[in-house]
Amino acid sequence: MLTNAPRGTKDMLPSEAHKWHYIEEAYRVHCARYGFKEMRTPVFEHTELFTRGVGDTTDIVQKEMYTWTQADRSLTLRPEGTSPVVRAFVEHKLYAEPQPSKFYYDIPCFRYEKPQSGRLREFHQVGAEVFGTNNMMADSDVIALAYDFINQLGIKDIELQINSIGCPVCRENYKDALRNFLKPVYEQLCDTCKDRYERNPMRILDCKSPVDQELIKGAPTMLEYLCEECETAFTDLKKNLDAMEIQYVVNPGIVRGLDYYTKTAFEFITTSIGAQGTVCGGGRYDHLSEELGGPPIPGVGFGMGKERLLLLMEANGIKIPEPEGADAFIAVMGDAAKEFGLKLMGILRREGFAVEMDCMARNLKGQFKYADRLAVRNTIIIGEDELKAGVVAIRNMKQSEQRMVPFDQIVEALKK
RNA sequence: GUGGAUGUAGUCAAGUGGUUAAGACAACGGGUUGUGGCUCCGUCAUGCGUGGGUUCGAAUCCCAUCAUCCACCCCA
């Protein structure tokens, strides 16, 4: 037990670190290009932020939150990224800045779920949010950010699916219509769908049961029930995406699982990483701020799972560059040489070189073997003879070429 | 929460009741005291996830338990 990480968590080992650095750095640079600024919020928040924001009937709030009480305050490890950013935005009155506000983040999130491929209890996501405008320019901006990022990484087999889930008014009308449609066949629905019928009937639309898929045929879609405002918004969004040449398909089955979503809903979906194929999901949330007791501030954003992103890059055969070996390894023979080597290592490191020495008192052959394993570019050899002559031997490990270099020219020699 | 699969060294793995648990890779040491990647030699599980049980005898059979993986649900 003591030597096992808790279920659903993963250690990030040095052999994997460069992959994470790669996508994190790519995301930072990408967001800067689109005018998004980083926001960092605490790992935990007051529990109520999520019960109110995400919605207290959702699975996330009902059974997936890590919650504890300390000093009479109920606190929760954040299960998602949007509510905290909205909270911070309101708390620091950032609406006083030029609008809209555009944020990105790169965070761990926590949900108590049963782990499977692409789903962990501690998972990591990058995301982005735009606050302060109803205009579909914001929605298309956010979608473009995700779309271009995914493309830029070289990912191919993924599809952007969009939908509108309307505002609270037209959505309720639609849910009623959907229930009316399904009422005659209620008894034939699968057990989970019977459960969904009251709680979240829109979920029935993408049920995997073939029986249910038959029953659903001909059901009304959300898009037929949009009010004028939502209808116009969805049309605007599609126009913007078309203008930006972003490929998408409209899927009326896209339903977001968090209560705060309104109008725009979208997902980037793949079939090549197992059952958890939603790599990125997001949408608009026009009433979240008010729900949290803040001023009315519309917003739109997405979250993108880094673990899923890496799985997909792997599945697509995308090679992430391996880190390079050190510039130099200093191999020494004898105590005097070791002392000189230590001094030289300090000098070279201060010059900005990556330099290593053996820490296991290996003989020369062992030191070479080790240097080879580390894939260093050069090995600097120091022994009695070199010390006497005031030189070191520098061996280029890739080309197996070796030459003598005077002490005062070592730095120059390594720069080549 | 429900269902399915799997657990033998750092990794991949042979082994399905009978003497000291194959093999490969990795790691470490060495091939006569100053040169790596190739090659050769050596070392590396009183132990088969853990705890019980059956048996003269268990990695192999039974029970329990834990862990991992996959799927449902749900979501990133």
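The values are calculated or read from the model by the stated rules, or taken from the named source; none is laboratory data. What you are looking at is a predicted structure, and each value in this text was computed from that prediction instead of being measured. Neighbour counts are summed over all protein chains in view; Cβ atoms, including those assigned to glycine, are modelled from backbone coordinates with ideal geometry. Calculation scope for accessible area: heavy atoms of the full protein, side chains included, ligands and nucleic acids excluded. Shrake-Rupley method; radii C 1.70, N 1.55, O 1.52, S 1.80 Å.
For this structure, a couple of remarks:
- Residue satisfying all of: in region A:384-399; over 14 Å from A:F329 (Cα atoms) and of a type outside the set (A, V, I, L, M, F, W, C); modelled with the lowest pLDDT among these: A:Q399
- Which listed residue is open to solvent by 20 Å² or more (accessible area, probe 1.4 Å), modelled with pLDDT of 90 or more, aromatic (F, W, Y) and in contact with a helix residue (DSSP H, G or I) (Cβ under 9 Å, 6 or more places away or on another chain), from A:F329, A:F340: A:F340
- Taking the criterion of being under 39 Å from the mean Cα position of the chain (by Cα) and either open to solvent by less than 50 Å² (accessible area, probe 1.4 Å) or at pLDDT below 90 (or both), the residues of region A:355-371 that qualify are A:V355, A:M357, A:D358, A:C359, A:K369, A:Y370, A:A371.
- Listed by position, the helices (runs of 4 or more DSSP H) inside region A:34-133 whose residues that are of a type in the set (S, T, N, Q) number at least 2 are A:47-53, A:82-91.
- Some residue of region A:113-120 being away from RNA strand B (no atom under 13 Å from the Cβ), open to solvent by 40 Å² or more (accessible area, probe 1.4 Å) and at pLDDT below 95: no
- Selection count, region A:384-412, where residues are under 42 Å from the mean Cα position of the chain (by Cα) and not charged (D, E, K, R): 4
- Of the residues making up region A:12-61, those that are open to solvent by 70 Å² or more (accessible area, probe 1.4 Å), free of Cβ contacts under 8 Å to residues at least 24 places away in the same chain and within 11 Å of RNA strand B (Cβ to nearest atom) are A:L13, A:S15.
- Matching residues, region A:212-232, being within 12 Å of RNA strand B (Cβ to nearest atom) and more than 20 Å from A:D176 (Cβ to Cβ): A:Q213
- Restricted to helices (runs of 4 or more DSSP H) entirely inside region A:202-302, those with at least 1 residues that are surrounded by 22 or more Cβ atoms within 10 Å (Cβ to Cβ) are A:228-243, A:288-291.
- Condition check for A:P79: modelled with pLDDT of 95 or more and open to solvent by 10 Å² or more (accessible area, probe 1.4 Å): no
- Selected residue (criterion: most open to solvent (accessible area, probe 1.4 Å)) from residues of region A:151-189 that are part of a loop (DSSP other than H, G, I, E, B) and closer than 30 Å to A:A315 by Cβ: A:K156
- Annotation for region A:315-325: at least one member residue is surrounded by 16 or more Cβ atoms within 10 Å (Cβ to Cβ), within 13 Å of RNA strand B (Cβ to nearest atom) and over 23 Å from the mean Cα position of the chain (by Cα).
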